[in-house]
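**Student:** Below is a structure I'd like to ask you about.
The values are calculated or read from the model by the stated rules, or taken from the named source; none is laboratory data. Predicted model only: the values in this text are computed from it and were never measured. Note: ideal-geometry Cβ built from the backbone for every residue, glycine included; neighbour counts use all protein chains shown. In case anyone asks, the SASA skips ligands and DNA or RNA and just uses the protein heavy atoms, side chains included. Shrake-Rupley method; radii C 1.70, N 1.55, O 1.52, S 1.80 Å.
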Amino acid sequence: MADGHRLMHAIQDLDLPVVAAINRVCFGGGLEIALACHIRVASENAMFAFPEVNQNLLPGMGGTVRLPALTGFSQAAMMILGGDTVNAIDAKNLGIIDIIAPKDQAFEYATDLLRKMTHDRPVTVIRSVMQALKNASRMSGEDAMREETRLFCSLAKEEALRRKMEDS
């Protein structure tokens, strides 16, 4: 299980956006992997569940931590203890997924989304945005804003140098 936890933290802590593309069934460990991703795109025919309780177990790779962070405590308790399946619309309403794509088109939609977010953007910009977003949930508001300003200034300096080089 320690390796599973390390994998989930590695996904969550990446400084590049990680988008889960979910077509059809996303149960147990698969759902835990999806919850570790930054953005979740699911096809309209996707289904979600933590069925471990039906085997007298519980999610073991962060599901009991990440699910309530998205849905709230009571919804997470009902979903995990109920062992029930949730459809894409309910998963979106609960905050488990971010986007519903057409039937069996989650991968294509997720790929297009990633392309839109990253195409022609310097990696330093993408990484800085991801870091600032993560800081907002890990630091005090004041510290996160101070770090955001530092990241902004660093990017502005980099951009000014790039433009100066272009003009030369």
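**Student:** Among the residues of region 40-61, which ones are touching an Asp or Glu at 6+ places or on another chain (Cβ under 8 Å), in contact (Cβ under 8 Å) with a residue 60 or more places away in the chain and of a type outside the set (Val, Ile, Thr)?
**Tutor:** 43, 61
**Student:** Under the condition of being charged (D, E, K, R) and more than 19 Å from residue 131 (Cα to Cα), which residue from region 7-47 is modelled with the lowest pLDDT?
**Tutor:** Looking at the filtered set, the residue picked out is 24.
**Student:** Quick one: which of 48, 27 is closer than 15 Å to residue 99 by Cα and among the aromatic types (Phe, Trp, Tyr)?
**Tutor:** Result of the check over 48, 27: 48.
**Student:** Only residues that are in a loop (DSSP other than H, G, I, E, B) and over 26 Å from the mean Cα position of the chain (by Cα): list them for region 125-168, please.
**Tutor:** 168
**Student:** Restricting the search to region 140-168, which residues are open to solvent by 100 Å² or more (accessible area, probe 1.4 Å) and among the hydroxyl-bearing types (Ser, Thr, Tyr)?
**Tutor:** Answer for region 140-168, where residues must be open to solvent by 100 Å² or more (accessible area, probe 1.4 Å) and among the hydroxyl-bearing types (Ser, Thr, Tyr): just 168.
**Student:** Need pairs with beta-carbon distance below 6 Å; first residue in contact (Cβ under 8 Å) with a residue 24 or more places away in the chain and within region 138-163, second part of a helix (DSSP H, G or I) and not aromatic (Phe, Trp, Tyr); sequence gap 6+ or separate chains.
**Tutor:** Hits for this filter: 155/128.
**Student:** If you take just the strands (runs of 3 or more DSSP E) that sit entirely in region 27-124, which of them hold at least 1 residues that are β-branched (Val, Ile, Thr) and either touching a Lys or Arg at 6+ places or on another chain (Cβ under 7 Å) or open to solvent by 70 Å² or more (accessible area, probe 1.4 Å) (or both)?
**Tutor:** So the answer is 99-101.
**Student:** Contact list please: Cβ distance under 9 Å, first residue in region 107-123 and of a type in the set (Lys, Arg), second residue assigned to a helix (DSSP H, G or I) and surrounded by 11 or more Cβ atoms within 10 Å (Cβ to Cβ), pairs at least six apart or on different chains.
**Tutor:** Here the result reads 121/129, each pair linking region 107-123 to a residue that is assigned to a helix (DSSP H, G or I) and surrounded by 11 or more Cβ atoms within 10 Å (Cβ to Cβ).
**Student:** For region 2-26, how many residues are open to solvent by less than 30 Å² (accessible area, probe 1.4 Å) and in a helix (DSSP H, G or I)?
**Tutor:** 3
**Student:** Collect the residues in region 87-107 that are closer than 10 Å to residue 43 by Cβ, at pLDDT 95 or above and not aliphatic (A, V, I, L, M), keeping them in residue-number order.
**Tutor:** Matches in region 87-107: 102, 103, 105, 107.
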